[in-house]
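The values are calculated or read from the model by the stated rules, or taken from the named source; none is laboratory data. Since the structure is predicted, the reported quantities are computational estimates derived from the model, not experimental observations. With ideal geometry, Cβ positions are generated from the backbone for all residues, glycine too; neighbour counts draw on all protein chains shown. For the accessible areas, the whole protein counts, side chains as well, though only heavy atoms, and no ligand, DNA or RNA atoms are used. Shrake-Rupley method; radii C 1.70, N 1.55, O 1.52, S 1.80 Å.
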Number of protein chains: 2
Amino acid sequence: MEEKADRQYIDIRALVKGVLRGDRAALARAITLVESAAPQHKNAAQALLAQLLPYAGQSVRIGVTGPPGAGKSTFIDTFGCALTQRGHKVAVLAIDPSSALHRGSILGDKTRMESLSRDENAFIRPSPTGGVLGGVASTTREAILICEAARYDIIIVETVGAGQNEVTLRSMVDFLLLLLIAGAGDELQGIKRGVIEIADAVVINKADGDNIARAQAARAQMKRALRFVAPATVGWATRALTASGLKGHGIEEIGEVISEFTAQTKASGGFKQRRTEQRRAWLHSAIERQWRDILYGHEAVRAALPQLEAAVMAGELPAAAAAEELLRLALDG
Amino acid sequence: MEEKADRQYIDIRALVKGVLRGDRAALARAITLVESAAPQHKNAAQALLAQLLPYAGQSVRIGVTGPPGAGKSTFIDTFGCALTQRGHKVAVLAIDPSSALHRGSILGDKTRMESLSRDENAFIRPSPTGGVLGGVASTTREAILICEAARYDIIIVETVGAGQNEVTLRSMVDFLLLLLIAGAGDELQGIKRGVIEIADAVVINKADGDNIARAQAARAQMKRALRFVAPATVGWATRALTASGLKGHGIEEIGEVISEFTAQTKASGGFKQRRTEQRRAWLHSAIERQWRDILYGHEAVRAALPQLEAAVMAGELPAAAAAEELLRLALDG
């Protein structure tokens, strides 16, 4: 029996070694472990992370977001290949909190980045399906650390621009790239209020063929708009660029802009400061999520909640009073 | 000394009586009490709410949202006066989580609704400045209950469309009205992805003078868009309308649409079901906010947090491990 239990036990040392060696199978298994919601994996996942942490952090983390149809996958495919050709190791991760609803959308991730998925210096990881936003965001953060320990020096995190996704994405990357396309006129399509305020570069994609003039007009419009917006990164003027993921136009320039950004913010200390602040925010979201789990896992709370809920739902008890009663139970037990 | 303490004690019975009588000064004081963040007001506020709750709930709660410049204040001014002329008592509340940043924007609330603010059957209440979103949203919900107990039968809750405001607003109203304006072409201005999915009516405002044709074209465009969107309320086809808050055009029709909505959803049970579900959600947000306050108020947690934070911020400790250690302290103490 003991031997059997031993065999089922996850060999963390071997997994750590595999990740540090850059072994892709070990990398995939390590990410699966931190994504696991199974309680018996929790300690193993934490041990793994603690051992990999000293090797993490040495990358540039680039967020890519934009509305559906902006061409994110094609852009990342082309951009990622350009980076591996320059000698980088590129990991692509996705945040997709809506995936429980739209499972189809992520199954295709690998095939949507055809060239990059065949590149041996690239690693593409679709997001976990299901789970709450906090959970997915948390495991994406941990997946970044694991990829860094496996010596991927560029981490691209992708998410579709919907709900609070971009804000979550901003909280885990160094550089945020907003991908847009020009509409039928020169106006920008699918742009969300507040999103250019968190971007370090706005790229008008699909600037190819008949679309070039429109894309350039949209870029000029964006440049004007950016004048009135506080930059996402202190000391960095948010750029407006055009590109074609399909044809490869403008891709080189985007790489240069990001290099410039990195050099500048590392020199000013802003790069390190943002990472430090992100870790602090990450800690607090972890604390609050775990603390909430404790409350709802409490026996007396679980027993009393249905009745209190019913009284509040019937309009017989104010929510604040019911909440207080419930917390009294949690603290007494 | 005891007498002095007694005098400082808030006379809840008198306040309840005043609110139930519809006394405006008592109403204002009651809302101020629930908005108060002072610990010594908490019990008084809860006692007040518990006593008013049996008299609350008998209103139609209408949310009005839209981008800055859509003409929300003028619209509500005209719409509110039309309602009081039909014999309704109208309360206007505002949610403004950004008010800590932009204090100026709400100071003008009263004067921005000139006619309504002079109407004795209307009560206008600017939102509290400062506070977190949860806090403001929670006191807005409680202000609704208090206004209902004072026999206001139409409650209009207004918020600017930014961040998560509309979602918060949707969680506390029966009917959500999205106010938009036509742009330079016939396209719609300032529309946020996902917001028409939570609206029960989309009103193209400023349909007056030179702007009528553009507003009508924008309405037609919205009608087409709505065909592809799941309605916010089961069994209710989201309406697209035009109006002019300034000239009063279309205001009557909006009132009729809301009456139709109310009659229909009350008959189907959807009205009651939504309210019940909202109370449940409200309970859980109250629970989670209070539970979080307990954690961060815990002595051992406050003592340990700075060091754990520093270790996480320095990249020496994974966030999840630090969170767990902190929670162990909270549970042991």
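Numbers for the structure displayed
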{"item": "DSSP-loop trypsin sites (Lys or Arg not before Pro) across the range A:194-269, with at most 10 other Cβ within 10 angstrom", "result": "A:Arg227"}
{"item": "At 7 Å out from Cα toward Cβ: B:Gly183 inter-copy label distances (nm, ascending)", "result": "0.4"}
{"item": "Projected-area average for the range B:218-293 over all orientations - Cα convex hull basis, square nanometres", "result": "7.8"}
{"item": "Charge dipole magnitude, Cβ of K and R +1, D and E -1 - the protein assembly as shown, Cα centre, debye nearest 20", "result": "680"}
{"item": "Pseudo-label separations to other copies for B:Gly255 - Cα-to-Cβ vector, 7 Å, nm", "result": "6.6"}
{"item": "Amide H contacts of A:Ala240 (H built 1.01 Å from N, under 5 Å, at least 5 apart or other chain)", "result": "A:Val202"}
{"item": "Highest-first arrangement of B:282-289, B:294-301, B:117-124, where packing means the average Cβ count within 10 Å", "result": "B:282-289, B:117-124, B:294-301"}
{"item": "Complex-versus-alone comparison for the range B:43-90, residues with a loss of 50 Å² or more in accessible area, probe 1.4 Å", "result": "B:Gln46, B:Leu53"}
{"item": "Positive dipole terminus of the range A:179-298, leading residue within A:Gly245, A:Gly297, A:Ala218 (C-beta point charges)", "result": "A:Gly297"}
{"item": "Chain A, accessible area per residue, ligands and nucleic acids excluded (1.4 Å, Å²)", "result": "47"}
{"item": "Rounded FRET efficiency, nearest 0.05, which uses the C-beta distance separating A:Ala237 from A:Glu120 and R0 of 30 Å", "result": "0.25"}
{"item": "Gyration tensor verdict on the range B:240-333 (Cα atoms; rounded if a/c is under 1.5, prolate if a/b is larger than b/c, oblate otherwise)", "result": "prolate"}
{"item": "Estimated FRET transfer efficiency (A:Gln216, B:Glu256; beta-carbon r; R0 41 Å; 0.05)", "result": "0.30"}
{"item": "Inter-site label distance for A:Ile294 and A:Ser268 at 7 Å from Cα along Cβ, in nm", "result": "4.0"}
{"item": "Shape of chain A, Cα gyration tensor, a/c cut at 1.5", "result": "oblate"}
{"item": "Solvent-accessible area buried by A and B, counting both chains, probe 1.4 angstrom, square angstrom", "result": "4500"}
{"item": "Nonlocal amide H pairs with B:Phe123, under 5 Å, H built at 1.01 Å", "result": "B:Val90, B:Ala91, B:Val92"}
{"item": "Among B:Ala267, B:Leu317, B:Pro306 the positive-end extreme of the charge dipole of the range B:246-333 (Cβ point charges)", "result": "B:Ala267"}
{"item": "Span from the the range A:261-333 Cα centroid across to the the range A:234-257 one, whole angstrom", "result": "39"}
{"item": "Average Cα contact separation per residue, chain A, under 8 Å, 6 or more apart, as relative contact order %", "result": "17"}
{"item": "Per-copy distances of the A:Glu197 label point, shortest first, in nm (7 angstrom along Cα→Cβ)", "result": "2.2"}
{"item": "Cross-link reach list, aspartates and glutamates versus B:Lys272, counting only Cα pairs under 17 Å and skipping chain neighbours closer than eight places", "result": "A:Glu309, A:Glu316, B:Glu148, B:Asp153, B:Asp174, B:Asp200, B:Glu260"}
{"item": "Sulfur and carbon atoms: percent of accessible area, the range B:255-330 [1.4 Å]", "result": "52"}
{"item": "DSSP beta bridge pairing in the protein assembly as shown, given as percent antiparallel to the nearest 5", "result": "5"}
{"item": "Cα gyration tensor shape for the protein assembly as shown, rounded if a/c is under 1.5, else prolate or oblate", "result": "oblate"}
{"item": "Built amide H within the under 5 Å cut-off of A:Ser59, gap 5+", "result": "none"}
{"item": "Length-normalised contact order for the range B:153-298 - Cα pairs under 8 Å, 6+ apart - percent", "result": "18"}
